[in-house]
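What follows is a set of notes on a single structure, which appears directly below.
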Amino acid sequence: MKKKKILIIEDEKILGQMYKDKFLQAGFNTTLVTSAEEAIKKVSRIKPDLILLDILLPRENGIGFLTRLMKKPEFASVPVVAFSNFDDPGTRKKAFQMGVKDYLIKTSFTPQQIIERIKNYLK
């Protein structure tokens, strides 16, 4: 069975590396990027099965990334799970309107719980 590809977009390098390591240990093929700009370039190259998206990113935030991603028809169906410590109701609503499958607050979940949630969107 082919390993599922996860693209993690997280600007906090230590946190991002920890999530990358946890997903690798769980059997996923994982790529980590630290900005929306880098993610837009990578998405075409790696063709991820799921995107784990931090909302608060430098320069362009997660909502901006979603806007650009949705303009690419070949990626409009890729599941995106937002994960952030930014629990703003307006941002959460906008993210769901743009098609995110879930909006997880990082401090409310262990990495293992996030992995379990992600698995539900890859079936």
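Just a few scattered comments:
- Kirkwood Rh in Å, taken over region 58-123 so that all alpha-carbon pairs contribute: 12.7
- Within region 5-117: Cβ-based charge dipole about Cα centre, in debye rounded to nearest 20 (Lys, Arg +1; Asp, Glu -1): 360
- For q = 0.17, 0.19 Å⁻¹, Debye-computed log10 I/I(0) when each Cα of the chain counts as one equal scatterer: -0.79, -1.02
- Listed residues F109, L56, V33: farthest to the positive end of the dipole of the chain (Cβ charges): V33
- Estimated inter-spin distance, K3 and K101, nm [label 7 Å along Cα→Cβ]: 1.9
- Averaging 1/r over every pair of different alpha carbons in region 13-74 and inverting the result gives a Kirkwood radius of 12.3 Å.
- The gain in end-to-end length when the D21 to F109 segment is fully stretched comes to 30.0 nm, 0.36 nm per residue minus the alpha carbon separation.
- Averaging the Cα positions of each part gives two centres, and for region 1-18 and region 70-123 these lie 13 Å apart.
The numbers here are math on the coordinates, done by the rules we state, and not lab data. All of these numbers come straight from a predicted model, not from anything done at the bench. Every residue, glycine among them, receives a Cβ derived from its backbone with ideal geometry; neighbour counts consider all protein chains shown.
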